[in-house]
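See structure below.
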Amino acid sequence: MSENTIISFDNVSKSYSDGTVVLKNVSFELERGKFYTLLGPSGCGKTTILRLIAGFIEATQGDIFFNGKKINHVPANERQVNTVFQDYALFPHLNVFENVAFGLRIQKISETDIKRRVEEALKFVNLIGYGVREIQEMSGGQRQRVAIARAIVNDPEIILLDEPLSALDLKLRTEMQYELRELQQRLGKTFIFVTHDQEEALAMSDEIFVLNEGNIEQSGTPVDIYDEPINRFVADFIGESNIISGIMEQDFVVSINGKPFECVDQGLNPHEKIDIVIRPEDLEVTTVDKGKFVVTVDSQLFRGVHYELSTYDEAGNEWLVHSLKQADVGAKIGLNFDPEAIHIMRLNESEEDFDARLESYGEDPDEK
Amino acid sequence: MEKLSKTSKLYLTFVMVVLYAPIFFLIFYSFNSGGSMTNFKSFTLTHYKAIFEDDRLMVILINTIIVALLSALLSTVIGTLGAIGIKSIRNRKFRNTILSMNNVLIVSPDVIIGASFLILFTMVGIKLGFLSVLLAHIAFSIPIVVIMVLPKLNEMSNSLIDAAKDLGASKRDILTRVILPYIKPGIFAGFFMALTYSLDDFAVTFFVTGNGFSTLSVEIYSMARAGVSLTINALSGLVFFVTIILVLGYHFLTLRKTKGVRN
């Protein structure tokens, strides 16, 4: 455990009395002052991790450490952690000022200090002058900010955010992404953000944990996870992707539908069965004779920035293509891509093996 | 709201007239200077004056109000804590059983409740009078308070409790700073209901009251049995007005609350 570690999970499991297991032997360490995101579909265990850190529930097995101290049985009201809830959980009988002051009043802090700190917190979230308003008078985005102010005013070491943006409309959500990221950097506190929205995760995080069915599938920076997903689940969950089975013929050669293509991966067993990911934006539309393979355009959607083409190759595999130019539905087009666009995923590879394999590419002088 | 058709308006008016006619008839004759309810002679307030000049009646009135206020207050405290207790029961089956037992008490006939209290009090040896009436009123008001408070508790999101814990609140803080303020409207509603039930109650009081202690409804009943006197009309009229004022008061209280929410 390094000195910078603030939270660490050691083989933590959580199951309920009815037998449902929501977390299976999860271990990880979080560093001080970073923005972490727990990303996964509903029921993957991300909120469970958050509630374990907050202290609302206790782990069935394993240990949780906070600043090196075991906190398995420390009740929620004695932890230096504050939460921004999904429904904000603002107290409707108190006004904005009193909501933010709630934690300070419980600590019996003097009235002048309370006033100063609450106003500071409100200033931090751009709500100066809103103290006397009732919660019912605030819009969704403003309530969001009150909830954040209420969490930061207590000066906790960690701030937990449980899908706080899910109730906002798209424009406000994007705005709040910028604000949250900026707020985290100004405060320098550890943020742990839970979401099922991969765009939010990619935009804000220092590090993302992708969870599925109570396991951590992959962790890493947004770029790593997007560019090098470990398996089908991660590739599918993060961004749009074409995932297709293939065979690693030899180093730097992979075959799709029996057709060989140049790639940048090596060190796998010859003729190993693998999954291949090619992102839709890495596919380039060209004429039939210039393309590496030929597909038929089945349908097309205008997405604003680009057209999203749904195409099928001769073997019946679907290929999503993001193209700046419009195509004709029913027409045959060629698709082109760079060797780097092919990303290889071994079946059932563990995260350690995967990281080691990627590392070995870097050491190889022949690469690229 | 959708506009009502002519027939439904007519029907509603008819129902209201049928419901209120006897009361208005009764109140109307309370102003009659003649001694009976058959012909109206002229307007007078003597019957009302008679009430306030009758010391015995005044004592009964004060008794009624004291019993109502005390029983409403105590049953509100007990019922609110009970509702919080019921809400915190994890086992659903057990919780529903308790809730059903609570509801049975509300719907069971007053006569049975009154009779059973009479048997209980005589067995335990509580003297029939002020204390027995008060205890009985508290007992039948508690389920009403529970029923009024529970919806508010159910409406409260669990994340509010989590949030309070998260901000460092102890169990006591959670109760006094979050739960009680949140369910305050329900508590007030329960208090008012308990108050009106206690003021209204005839059957239970009739059973458990003893010599020398009486409440208005029991007194009106015995006066009516004794013979026709327009003082009864005047007294009933007063009770009716007080009830109306209570209902209006409650109405404006809730109106202010919902207005606050809408803004």
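Rule-based calculations on the coordinates, nothing more; no lab input. Because the structure is predicted, anything quoted here is derived from the model rather than measured. We place every Cβ from the backbone using ideal geometry, glycine too, and count neighbours over all the protein chains shown.
Ranking A:266, A:66, B:83 by Cα position along the charge dipole of the protein assembly as shown, where only Lys, Arg, Asp and Glu carry charges on their C-beta atoms, puts B:83 farthest toward the positive end. Taking A:264, A:81, A:288 as the candidate residues, the one with maximal mean-square fluctuation in a Gaussian network model of chain A, Cα springs under 10 Å, is A:288. Residue exposure proxy: A:255, A:8, A:360, ordered by other Cβ atoms within 10 angstrom of their Cβ from fewest to most, comes out as A:360, A:255, A:8.
Beta bridges assigned by DSSP with both partners in region A:102-242 are antiparallel in approximately 50 percent of cases.
Between the amide H of residue A:7 and those of A:30, A:67, distances stay under 5 Å, these residues lying 5 or more places away or on another chain, with hydrogens modeled in the peptide plane. Applying the Karplus relation 6.51 cos²θ - 1.76 cosθ + 1.60 with θ = phi - 60° to region B:246-252 yields 3J(HN,Hα) values of 4, 4, 4, x, 4, 4, 5 Hz, where x marks Gly and Pro.
Based on Cα contacts under 8 Å between residues 6+ apart, chain B shows a relative contact order of 30 percent.
In the structure shown, the pairs B:87/B:152; B:93/B:171; A:24/A:46; A:24/A:189; A:24/A:273; A:189/B:171 are assessed against 22 Å; a Cα-Cα span above that value is assigned to B:93/B:171; A:24/A:189; A:24/A:273; A:189/B:171.
Comparing A:38, A:210, A:183 along the charge dipole axis of region A:5-227, the residue lying farthest to the positive side is A:183, per the Cβ-charge model.
For the segment A:71-80, counting C-beta atoms of other chains within 10 Å of every residue's C-beta and taking the mean gives 3. Count Lys and Arg as plus one, Asp and Glu as minus one, and take only other residues whose Cβ is under 14 Å from that of residue A:86; the net charge is then -3.
Take every Cα pair under 8 Å whose residues are at least 6 apart in sequence, average their separation, divide by the length of chain A, and the relative contact order is 15 percent. Sequentially through region A:316-331, phi angles give Karplus couplings (6.51, -1.76, 1.60; θ = phi - 60°) of x, 6, 8, 10, 8, 10, 9, 10, 7, 9, 6, 10, 8, 5, x, 7 Hz, Gly and Pro residues having no value and appearing as x. In terms of other Cβ atoms within 10 Å, A:207, B:155 run from fewest to most in the order B:155, A:207. Loop exposure criterion: trypsin sites (Lys or Arg not before Pro), DSSP state outside H, G, I, E and B, at most 12 other Cβ atoms within 10 Å. Applied to chain B, the longest stretch between such sites is B:128-263. Beta-bridge orientation, the protein assembly as shown: approximately 75 percent antiparallel, per DSSP, counting only bridges with both partners inside. As a proxy for reagent exposure, A:361, B:182 were ordered by neighbouring Cβ count within 10 angstrom, fewest first; the result is A:361, B:182. Rounded to the nearest whole Hz, the Karplus-based 3J(HN,Hα) values (6.51 cos²θ - 1.76 cosθ + 1.60, θ = phi - 60°) of region B:92-104 follow the sequence 5, 4, 4, 4, 5, 4, 4, 5, 5, 4, 4, 5, 4, with x at glycine and proline.
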